[in-house]
1. Please note which helices (runs of 4 or more DSSP H) are completely contained in region 45-163 and include at least 1 residues that are under 24 Å from His249 (Cβ atoms) and hydrophobic (A, V, I, L, M, F, W, C).
2. Has region 178-185 got any residue that is at pLDDT 95 or above, open to solvent by 10 Å² or more (accessible area, probe 1.4 Å), assigned to a helix (DSSP H, G or I) and more than 14 Å from the ligand (Cβ to nearest atom)?
3. Within region 246-268, take every residue that is closer than 30 Å to Val229 by Cβ and more than 16 Å from the ligand (Cβ to nearest atom) and give me the one that is most open to solvent (accessible area, probe 1.4 Å).
4. Count, please, the residues in region 273-293 that happen to be open to solvent by less than 50 Å² (accessible area, probe 1.4 Å) and part of a loop (DSSP other than H, G, I, E, B).
5. Could you please give the count of residues in region 125-145 that are of a type in the set (Gly, Ala, Ser) and within 12 Å of the ligand (Cβ to nearest atom)?
6. Does Glu188 qualify as being farther than 20 Å from Asn282 by Cα and touching a residue at least 40 places away in the same chain (Cβ under 8 Å)?
7. Among the numbered criteria (1) β-branched (Val, Ile, Thr); (2) near the ligand (Cβ under 9 Å from one of its atoms); (3) buried (at least 24 other Cβ atoms within 10 Å of the Cβ), which one does Ile122 miss?
8. Could you tell me how many of the residues in region 353-391 are at positive phi and either modelled with pLDDT under 95 or open to solvent by 30 Å² or more (accessible area, probe 1.4 Å) (or both)?
Amino acid sequence: MPTPASPNRREFLKTSTVAAAGASLVGSLGIARSVHASVDDTLRVGLIGCGGRGTGAASQALNADKNVKLVAMGDAFPDRLQSSLHGLQTEFGKKVDVTPERCFHGFDAYKEVLNSGVDVVILTTPPHFRPIHLKAAVEAGKHIFCEKPVAVDAQGVRSVLETAELAKKKSLNIVSGLCWRYDPPKRETVKRIHDGAIGDVTAIHSTYLTGTLWHHGRKPEWSEMEYQVRNWLYFNWLSGDHINEQHIHSLDKAVWVMNNEPPVSAVGVGGRQVRTGEQWGNIYDHFAIVYEFANGTEVFSSCRQMAGCQDDVSDHVIGTNGSAQLMQNSISGPNKWSYSGPTPNMYQVEHNELFAAIRAGTRIDNSLYMARSTLMAIMGRTAAYTGQKIQWDQMMASKDDLTPPKYEWGAMPVAPVAMPGMTKFV
Ligand SMILES: NC(=O)c1ccc[n+]([C@@H]2O[C@H](COP(=O)([O-])OP(=O)(O)OC[C@H]3O[C@@H](n4cnc5c(N)ncnc54)[C@H](O)[C@@H]3O)[C@@H](O)[C@H]2O)c1
């Protein structure tokens, strides 16, 4: 059973929410900070999705603030949870206060984590579940660290945007795992682009060409649903394909350079050339998409997950008066420059800033760009899957819904691989 918050603690949380709501008026006077000083000011964290990224994010949360504890964990599978818990306990000792009663398994584990007296939740399951978990977390009044991407279809993105409105009313922090935005060298490079160091941006060339990722195989005792959730990368309904799951980092950097404005259209190609076997589910292994923005700027993007090929992850921003190489943190042309400042771990910066905002009663809200970058990825995928040019407004209104008939460990048919020219826009 969850441990209820103590009366003192409830009072603290109530007061700090009021303080947060009024932060725009009182923030500079430090009133929110003084409220925290007199009562138990431990920030209690819950982790939903205890895999590689979730475990990393939990450790960054535990390092971000001197009075923070991990108190509840939820995962679809007990073995994933236990291995994450063991690693965190070994590293953090008493800062990990997750009793067996606060370990939850299955599709509803998130509800129980949210009901365990936590102040902050880390959402790091496969992307399919993000809109559901984000909505529940905001309804429960939690501050949130939310990994990318935030949905796999347009209805999920619309849900995230609605949830973001509620988070705003409740003054809740939403920090996105689109981590390059928290990397000081990228921040400085993009700021210089915005300040005009390369003139007007006319084109961006982005690549995410990389090898293949993990695969957990199949065990006879697993149902088809369990097999898919454990191997979520390869099923469109769970990951949104690798253009959404991985290449979103490049697309988000482009949206950032474009002042968070979304593109108006996308056209492109993609396919499944090497990963053709049943074990690779129904996703593609390469995409090449051209996105067009309202001012005529184009983003030429490509991504590939294939072994034995040349890797290249880069973003070249081309302007009327020079160019920028985002991954090198440098600018070429008349205003030649390269970054030489500090290079802290961007994943740690995300959590440092989240916890500092909670303490200060100020607010970080990354919800608009995380939703837009996700839809940009889904729009590129849809352009490749259908072979059509897709408009932003059309994509935003798409009725495509990848939700399975039920969340149960049993049968789960695999949707056919998309075929350009035959797969229809929905
Ligand atoms: N920002 C980054 O650089 C970065 C890096 C890696 C992963 N990610 C993102 O983090 C998320 C997780 O990726 P990962 O690499 O940790 O994957 P993972 O498979 O290691 O972890 C996912 C965990 O979620 C669990 N899970 C699945 N369905 C669940 C459900 N309905 N409820 C609760 N738990 C559930 C799984 O059992 C697993 O333990 C993805 O969205 C991924 O794109 C971001």
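The values are calculated or read from the model by the stated rules, or taken from the named source; none is laboratory data. This one's a predicted model, so the numbers in the text were calculated from it and none came from an experiment. Using ideal geometry, Cβ is built from the backbone for each residue, glycine included, and neighbour counts are taken over all protein chains shown. Note: accessible area is taken over every heavy atom of the protein model, side chains too, but ligands, DNA and RNA are not part of it. Shrake-Rupley method; radii C 1.70, N 1.55, O 1.52, S 1.80 Å.
1. 52-64, 130-139
2. Yes: one or more hits.
3. Of everything passing the filter in region 246-268, Gly268 is most open to solvent (accessible area, probe 1.4 Å).
4. 8
5. 1
6. So Glu188 passes the test.
7. With respect to (1) β-branched (Val, Ile, Thr); (2) near the ligand (Cβ under 9 Å from one of its atoms); (3) buried (at least 24 other Cβ atoms within 10 Å of the Cβ), Ile122 is out only on (2).
8. Qualifying residue count for the region: 1.
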